[in-house]
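The values are calculated or read from the model by the stated rules, or taken from the named source; none is laboratory data. None of these values were measured; they are calculated from a predicted model. In this analysis, Cβ positions are derived from the backbone assuming ideal geometry, glycine residues included, and neighbour counts consider all displayed protein chains. Just the protein is used for accessible areas: all its heavy atoms, side chains included, with ligands, DNA and RNA removed. Shrake-Rupley method; radii C 1.70, N 1.55, O 1.52, S 1.80 Å.
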Amino acid sequence: MRSFLLGHSPRSLGFVPTMGALHEGHLSLIEASKAENELTVCSIFVNPIQFNNRNDLHAYPRSLQTDLDMLEKADCHAVFIPAEGEMYPSETRIRINFEALENNMEGKYRPGHFNGVSIVVSKLLNIIKPTRAYFGQKDLQQFRVVSQLVRDLSFDTELRCCPTKRETDGLAMSSRNMRLTPEERVLAPKLHEALQMVGRLILSERNIIMARKKAEDFLNKAGIHNIEYLRVVDGDTLEPMQLLKNSLDEEVAICIAAYIGDVRLIDNILITIPPSE
Ligand code: PAF
């Protein structure tokens, strides 16, 4: 990858890191990168150290040939597919702790996850040295963590957070959706419905606790019982909120993680709350 890039020396280089099993969400990141960079590189690497659960790592969908066909069709200029031994020639000893940023949601329910994400993203940014790197809003906490990493370690890369791509019924596109059975696939869009319900209720009633409770009841009634979290958090710091701050144009994120059968799905929406009169 380094010699390929030396041979091209583009004026601007866009980078889309992925774990493969590509879908339209990834392709929208490739498009965003192509629109503002001379050259676009995608990486495919299922990063073992960001999985806190070995079963989840083994069950993670892999579809390399289809991914390559999709990238070719999308006119992505290059794809970096390192082997595990190349990325981790020896055991990594470094530990990165994002403190409050990872005390809730994904950081809380997947211990060590953001340590693994930030190590692999650091390695990839060091290898590729992109001008800009593209991430999806579906992994909002990941985006905030990577932004902190890039600021704290002075990586010379601008980050872009691109909108979540959804199926027509609202389900956030995710590589994990491939693992849903047809019955589970019918249930899965309820997660997005629940997020919208919380958003509507907060805007009308301004009561976060009641909004969360109603949405959890809605999910339970629909047959979704294994909800890891349904949180309303500050859109920027991701700190959990029980009450609205009533500041001007307050941005909140409504985030969910739940199991549909064996498949753990996450989603979020960002909304702006006007101050009450
Ligand atoms: O979002 C992902 O697919 C992964 O967490 C990433 C950023 C490629 C790091 O492995």
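Key figures for this structure:
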quantity: Selection from the stretch 13-54 of residues that are among the basic types (Lys, Arg) and at pLDDT below 95; calculated: Arg54
quantity: Members of the stretch 210-237 that are open to solvent by less than 30 Å² (accessible area, probe 1.4 Å) and among the aliphatic types (A, V, I, L, M); calculated: Ala211, Ala215, Leu219, Ile224, Leu230, Val232, Val233
quantity: Inter-residue pairs, beta-carbon under 8 Å, first touching a residue at least 60 places away in the same chain (Cβ under 8 Å) and in the stretch 134-161, second open to solvent by 50 Å² or more (accessible area, probe 1.4 Å) and among the basic types (Lys, Arg), 6+ apart; calculated: Tyr134/Arg160; Phe135/Arg160; Gly136/Lys165; Thr157/Lys129
quantity: Spans of helices (runs of 4 or more DSSP H) in the stretch 88-168 with at least 3 residues within 12 Å of the ligand (Cβ to nearest atom), touching a Ser or Thr at 6+ places or on another chain (Cβ under 7 Å) and among the charged types (D, E, K, R); calculated: none
quantity: Matching residues in the stretch 125-142 - criterion: being closer than 22 Å to Val232 by Cβ and either surrounded by fewer than 18 Cβ atoms within 10 Å (Cβ to Cβ) or among the basic types (Lys, Arg) (or both); calculated: Lys138
quantity: Any pair with Cβ under 6 angstrom, 6 or more apart, that starts in the stretch 103-115 at a residue that is under 16 Å from Val146 (Cα atoms) and ends at one that is among the hydrophobic types (A, V, I, L, M, F, W, C) and modelled with pLDDT of 95 or more; calculated: Met105/Cys255; Gly107/Phe114; Phe114/Phe98; Phe114/Val145; Asn115/Ile96
quantity: Within the stretch 102-124, considering residues that are of a type in the set (D, E, K, R) and out of contact with any helix residue (DSSP H, G or I) (no Cβ under 7 Å at 6 or more places or on another chain), the one least open to solvent (accessible area, probe 1.4 Å); calculated: Arg110
quantity: Subset of the stretch 36-83 [surrounded by 19 or more Cβ atoms within 10 Å (Cβ to Cβ) and charged (D, E, K, R)]; calculated: Asp67
